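Worksheet for the structure shown next.
Laboratory data are not the source of any read-out in this text; all were calculated from the coordinates shown. Treat the numbers as computed from the prediction; the structure is a model and nothing was measured. All Cβ positions, even for glycine, are placed from backbone atoms using ideal geometry, and neighbour counts span all protein chains on display.
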Amino acid sequence: DQQVKQNSPSLSVQEGRISILNCDYTNSMFDYFLWYKKYPAEGPTFLISISSIKDKNEDGRFTVFLNKSAKHLSLHIVPSQPGDSAVYFCAAPGGGTSYGKLTFGQGTILTVHP
Amino acid sequence: DGGITQSPKYLFRKEGQNVTLSCEQNLNHDAMYWYRQDPGQGLRLIYYSQIVNDFQKGDIAEGYSVSREKKESFPLTVTSAQKNPTAFYLCATLPRQSSMNTEAFFGQGTRLTVV
């Protein structure tokens with residue numbers, strides 16, 4: 001059972017435009033979410049997180065939105081840059097304040113064209 | 001400086017051999033994780049451990065084994081029972097209790113190839 005899903009395997013955008021990456025989850029116990037960026041043959045690096053007590057968290061060009069009723073979160077990158085081209089993963093810890101099992105989505109390959 | 005060290009970066013295994021991937025951390029994090037990434041796929045959880053001398057199976061534990069004798073170390077053994085071990089393996093750590101600004105830290109990965 002895939003509890004964290006990223007249904008778009010890939011996304012292609014023009015430099016300067018907005019990139020929107022989506023993530024859905026099924027476990028209502030999830031109360032904290034993280035986004036990671038990954039380049040080939042490297043470990044993922046943390047981008048931004050959001051707690052379920054918020055519906056938005058912003059950090060520079062990156063904003064994450066959380067819709068708890070829809071069990072959906074999205075990562076917005078504005079403006080998109082060619083260096084943003086990578087695989088993006090959303091992740092959710094097991095639930096509550098104890099991380100436990102950390103589950104990742106399948107990832108979305110973002111390509112930003114100059 | 002603090003971080004996670006995975007070794008080796010590249011590993012070749014003959015069919016039928018067991019191999020052990022190393023993961024060491026000096027972040028003083030309680031939880032450690034092993035993931036596998038196949039080409040074009042996401043990160044799948046193999047095993048995780050939240051405390052010394054305790055670990056749980058993830059989604060694809062068959063053919064793998066782990067130990068957690070020290071807080072700093074969480075080695076992963078890929079056994080001969082793992083039918084398709086060629087993949088990129090990632091180790092991650094987390095503090096046991098979350099906070100609003102907690103994130104998982106990853107090592108740089110080990111690429112295992114069966115020859």
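Over 22 Å between Cα atoms, which of A:LYS38/A:LYS101; A:LYS37/B:LYS70; A:LYS68/B:LYS57; A:LYS38/A:LYS68; A:LYS56/B:LYS57 qualify? Don't skip to the end; give the middle numbers.
Working: A:LYS38/A:LYS101 20 Å; A:LYS37/B:LYS70 29 Å; A:LYS68/B:LYS57 29 Å; A:LYS38/A:LYS68 26 Å; A:LYS56/B:LYS57 33 Å.
A:LYS37/B:LYS70; A:LYS68/B:LYS57; A:LYS38/A:LYS68; A:LYS56/B:LYS57, as the Cα separations exceed 22 Å there.
Going from the alpha-carbon gyration tensor of chain B, what semi-axes, largest first and in whole Å, does one get by taking the root of 5 times each eigenvalue? Kindly include the intermediate steps, with their values, before the conclusion.
Working: eigenvalues 110, 39, 35 Å².
Gyration-tensor ellipsoid for chain B: 23, 14, 13 Å.
In plain terms, the residue of A:ILE53, A:ILE77, B:ILE46, A:ILE18 with the fewest other Cβ atoms within 10 Å comes first and the most crowded comes last, giving A:ILE53, A:ILE18, A:ILE77, B:ILE46.
Mind checking A:36-42 for the average number of partner chain beta-carbons within 10 Å of each residue's beta-carbon?
Values: counts 5, 0, 6, 0, 2, 7, 6.
That works out to 4 on average.
For the range A:1-93, GluC sites (Glu not before Pro) are listed when DSSP marks them as loop and at most 14 other Cβ atoms sit within 10 Å of their Cβ; the list is A:GLU15.
Computed from point charges on the beta carbon alone (+1 for Lys and Arg, -1 for Asp and Glu), the dipole magnitude for chain A about its Cα centre is near 120 Debye. Partner shielding of B:26-39 amounts to 2, given as the average count of beta-carbon atoms from other chains within 10 Å of each residue beta-carbon.
Taken over the C-alpha atoms, the range A:34-92 has Rg and Dmax values of 11.9, 36 angstrom. Straight-line reach from B:LYS14: taking Cα to Cα under 23 Å and skipping same-chain neighbours fewer than 8 places apart, the lysines in range are B:LYS83. A Cα-only calculation for the protein assembly as shown places Rg and Dmax at 17.4, 51 Å.
Bridgeable aspartates and glutamates around B:LYS71 (alpha carbons under 20 Å apart, same-chain partners fewer than 8 residues away excluded): B:ASP1, B:GLU24, B:ASP30, B:ASP54, B:GLU103. With the highest mean first, a sort of the peptides A:61-67, A:5-11 on other beta-carbon atoms found within 10 angstrom per residue produces A:61-67, A:5-11.
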